[in-house]
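A.B. asks: One structure is given below, represented as structure tokens, and several questions about it will come after.
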Amino acid sequence: MLDRLLRTPGATLARGTFNDAVVVPGRWVARFPRRDLADARRRTRALDRIGRLGLPFAVPEVLDDRLDLPLGEAHVVLSHLSGEQTETASDEAVREVLDALAAVDPDPGLVALLDEPLRHAGGAAVAETITELVFPLLTDDERDQAGQVLRRFAALPGVTGFVHGDLAPVNLRWHGGKVSGILDWDFACVGDPALDAAAFAHYGWPLVERVRPADYDRALTHAAMFPLTGAASAIRQDVAPDRFLAWFRRRCAVRQHPPTSRAH
């Protein structure tokens with residue numbers, strides 16, 4: 001099935017941590033889960049409901065759901081969101097996204113379809129998962145710094161809201177200086193909104209502090225966790241964690257988790 005779709009004019013193959021995808025720009029994206037079809041079906045149902053929330057940006061539309069097929073053939077076809085990526089962002093554009101997410105009050109039906117926060121990295125047992133899977137790959141000093149990050153994370157207050165869970169720049173589409181579309185809602189959950197605020201640090205921590213001053217300190221702690229949860233998630237998916245370990249080691253070298261300057 002994947003090979004057949006790849007013969008579509010203009011199609012390219014993209015390989016992610018959890019899915020392989022056939023992308024036809026301007027038309028559609030066919031995502032093939034590598035494992036856990038039950039999760040893929042649940043997340044597809046969640047995506048369909050999220051698309052009907054009336055958010056001020058586009059959400060991929062489910063065009064064809066063939067997750068009833070066996071693993072390897074099972075796939076879901078989503079609309080392709082046009083737009084650009086950018087290295088700069090205005091306070092207003094970021095605030096609009098975070099405000100729109102904060103305004104969502106998910107009904108029980110949607111909540112039942114959403115992920116547990118950080119499920120990909122162990123969920124409620126994320127600290128134990130990181131300790132088991134990631135710590136053996138670190139030096140003594142790196143483990144000490146990782147332990148400090150985990151203690152900061154454990155001390156976070158229980159603040160909750162509707163969270164995308166992976167607002168990395170690669171998942172944002174921009175047009176006219178505003179976010180026109182957001183991809184990859186697999187990690188959407190009821191969790192700490194500071195997690196989403198932390199993702200916008202790609203555009204500078206001063207922006208995050210201006211846009212979400214009350215969430216800023218919590219956002220720093222969530223960002224400190226990013227390379228550790230990324231490494232744990234990769235290992236659980238039998239994917240090499242090297243790029244996440246390199247990311248964490250760069251922070252260890254300057255002893256800042258996270259560095260608040262792009263220079264680091």
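The numbers here are math on the coordinates, done by the rules we state, and not lab data. Remember, it's a predicted structure, so these values are computed and weren't measured experimentally. Positions of Cβ are generated from backbone atoms using ideal geometry, with glycine treated the same way; all protein chains shown enter the neighbour counts.
A.B. asks: Taking the dipole about the Cα centre of the chain, with the C-beta of Lys and Arg at +1 and of Asp and Glu at -1, give me whichever of Val22, Leu150, Ile235 is farthest to the positive side.
C.D. replies: It is Val22.
A.B. asks: Among 134-146, 186-198, how do they line up from the highest to the lowest mean number of other beta-carbon atoms within 10 Å? Numbers along the way, then the final one.
C.D. replies: Numbers: 134-146: 15.2, 186-198: 24.1.
So the order, starting with the most tightly packed, is 186-198, 134-146.
A.B. asks: About the Cα centre, and with charges only on the beta carbon of Lys, Arg (+1) and Asp, Glu (-1), how big is the dipole of the range 1-40? Nearest 20 debye, please. Don't skip to the end; give the middle numbers.
C.D. replies: Numbers: 7 positive and 4 negative charges, 27 e Å.
With Lys and Arg at +1 and Asp and Glu at -1, about 120 debye.
A.B. asks: Can you compute the charge dipole magnitude of the chain about its Cα centre, using +1 on each Lys and Arg Cβ and -1 on each Asp and Glu Cβ, nothing else charged? Give it in debye, rounded to the nearest 20.
C.D. replies: On the way: 31 positive and 36 negative charges, 84 e Å.
Approximately 400 debye in magnitude.
A.B. asks: A further question follows. Write down Rg/Rh for the range 91-254, rounded to two decimals, with Rg from the C-alpha atoms and Rh from the Kirkwood relation over Cα pairs.
C.D. replies: Working: Rg = 15.8 Å, Rh = 16.5 Å.
Reported Rg/Rh (Cα atoms, Kirkwood Rh): 0.96.
A.B. asks: Let me ask something else. Would you mind working out the magnitude of the charge dipole of the range 2-79 relative to its Cα centre, with +1 at each Lys and Arg C-beta and -1 at each Asp and Glu C-beta, to the nearest 20 Debye? Numbers along the way, then the final one.
C.D. replies: Working: 14 positive and 10 negative charges, 26 e Å.
Here the range 2-79 has a charge dipole of around 120 debye.
A.B. asks: Taking θ = phi - 60°, what integer Hz values does the Karplus form 6.51 cos²θ - 1.76 cosθ + 1.60 yield along the range 48-65, in sequence order, with x for Gly and Pro?
C.D. replies: 4, 6, 4, x, 9, 7, x, 5, x, 8, 6, 10, x, 9, 6, 8, 7, 10
A.B. asks: On to the next question. As a test of the formula, what do you get for the chain when each DSSP H run with n ≥ 4 contributes -39,500 (n - 2.57) and the sum is divided by the residue count, at 222 nm and rounded to the nearest 500 deg cm²/dmol?
C.D. replies: Working: 10 runs with 105 residues, N = 264.
Dividing the helical sum by the residues of the chain leaves -12000 deg cm²/dmol.
A.B. asks: Bin width 10 Å, origin at 0, all Cα-Cα pairs of the range 109-204: what percent of pairs per bin?
C.D. replies: For the range 109-204, the binned pair fractions read 14, 38, 34, 13, 2 percent.
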